[in-house]
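Here's the structure, in structure tokens; my notes come after.
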Amino acid sequence: MNRESETDDRNVESERSGDGIPEAGPAPSSVPDSGSLTPDVAATGAEKLAEVIVVTSGKGGVGKTTSSASIAVGLARRGKKVAVIDFDVGLRNLDLILGCERRVVYDFVNVIHGECTLKQALIKDKRHDTLFVLAASQTRDKEALTKEGVERVLKELRDDGFDYIVCDSPAGIEKGAYLAMYFADCAVVVVNPEVSSVRDSDRILGLLASKTRRAELGAAPVAQHLLLTRYNPSRVATGDMMSIDDVKDILGIEVVGVIPESEGVLAASNAGVPVILDDESSAGKAYEDAVARLLGEQRTMRFIDAPKKGLFSRLFGG
Amino acid sequence: MGIFDFLRSRNKHSASIAKERLRIIVAQERSQRGAPDYLPLLRREILEVIRKYVNVDMDEVDVHVENDGTHSVLELSVALPGLTTGMEGLRAER
């Protein structure tokens, strides 16, 4: 626990009593409306621990933001209170995928710098009452995020009774990606069945095992899950694409979901409606399955076999 | 498979090539993970010294750091040409 950040926290808002002991129990009733998002926070916030999920990959363009949005919506649809944070400072995009880009007033960096309260910056999703979005800043440099600042925001979300905090990591292994994973309890590593993506994922798995708070404290390691995206069963069948088992063998961790390559994904981002809400698309259903598995449900993988070919295509290929 | 597939006989099993390449590079990168940054330079300088006396190939050197809790063992194996065993070990502890 960082004492300084505790103190900063107090400076931003009006003075609270006590010196910021985290396990202090229910907040005194005199606390102003500062960060409290639900009325029942005081009762439940103290003992409940929000789970921090980082969605990461190393490589760019594999579907981190698409996956973050759908996972967050999937959790919120189950009545969980979810915050999803865009860590990609300078390249904000999560808001577009979630369709709330015109409602961004304050962002993550504003909160960290104390220019607004967390409550002011959280954007409530139009479709789900329990989903809140914290947008990335468009203007600041990457150094705008600090470990203490991120820790303070996560703590405040925890105290506000959030069940899940989904951290949408930027690509690469620079500061933004490092901070997105640092406080994680659970990691969803998004990977395409393609050489550079798999190799980068292995780098990320190494960092999750060494450069996170859990690793530094010697606590239970960050739970690691693979999410295969842009999977094309037909190409796997012809030997042109690595299979689920191939990727699993190389990386050595469990697969929590396989999202087939689907037209629905582009259609969903065009519309600003996370693809998990598209009940027609295979990708949407596959995300729904993945969220269920993240919550411990057993579900068999769907959409992983090539469609049966008719006589015509059997004869003439295609 | 269509009957005209032979006309577009590309590299048939590119997925298995990908898997094999990844298996090797990932194993290699995992073994180097957490190793000190100076290792590549150390490896080169030691090799340069050895090459003053014996003509060894740059690739015939294997540098390894093993960590067993209290101390690390730096293991350096150099394959010398013309010896029956082929391998000669140098060990240094820190």
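The values are calculated or read from the model by the stated rules, or taken from the named source; none is laboratory data. This is a predicted model, so every value here is computed, not measured. With ideal geometry, Cβ positions are generated from the backbone for all residues, glycine too; neighbour counts draw on all protein chains shown. When the accessible area is computed, the model is the full protein with side chains, heavy atoms only, and any ligands, DNA or RNA have been set aside. Shrake-Rupley method; radii C 1.70, N 1.55, O 1.52, S 1.80 Å.
Below are the figures for this structure:
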item: Any pair with Cβ under 7 angstrom, 6 or more apart, that starts in region A:187-207 at a residue that is away from chain B (no Cβ under 11 Å) and ends at one that is among the basic types (Lys, Arg) and not in a strand (DSSP E or B); result: A:Val190/A:Lys64
item: Condition met for A:Ser269 (more than 14 Å from every other protein chain (Cβ to nearest Cβ) and crowded, with 21+ Cβ neighbours inside 10 Å); result: no
item: Complete set of residues in region A:82-101 that are among the charged types (D, E, K, R) and either surrounded by fewer than 19 Cβ atoms within 10 Å (Cβ to Cβ) or in contact with a Ser or Thr (Cβ under 9 Å, 6 or more places away or on another chain) (or both); result: A:Asp86, A:Asp88, A:Arg92, A:Glu101
item: Residue, farthest from A:Ser67 (Cα to Cα), within region A:227-241, restricted to residues that are more than 10 Å from every other protein chain (Cβ to nearest Cβ) and of a type in the set (S, T, N, Q); result: A:Ser234
item: Residue list for region A:184-199, filter: within 30 Å of A:Val153 (Cβ to Cβ), part of a loop (DSSP other than H, G, I, E, B) and not acidic (Asp, Glu); result: A:Ala184
item: Given (1) in contact (Cβ under 8 Å) with a residue 60 or more places away in the chain; (2) closer than 23 Å to A:Lys80 by Cβ; (3) open to solvent by less than 30 Å² (accessible area, probe 1.4 Å); (4) out of contact with any Lys or Arg (no Cβ under 8 Å at 6 or more places or on another chain), number of the condition A:Asp159 does not satisfy; result: (3)
item: Near pairs, Cβ below 9 angstrom, 6+ apart or cross-chain, from region A:242-257 (more than 10 Å from chain B (Cβ to nearest Cβ)) to any residue that is at pLDDT below 95 and open to solvent by less than 10 Å² (accessible area, probe 1.4 Å); result: none
item: Residue check for B:Glu20: acidic (Asp, Glu), part of a helix (DSSP H, G or I), modelled with pLDDT of 80 or more and under 30 Å from A:Val191 (Cα atoms); result: yes
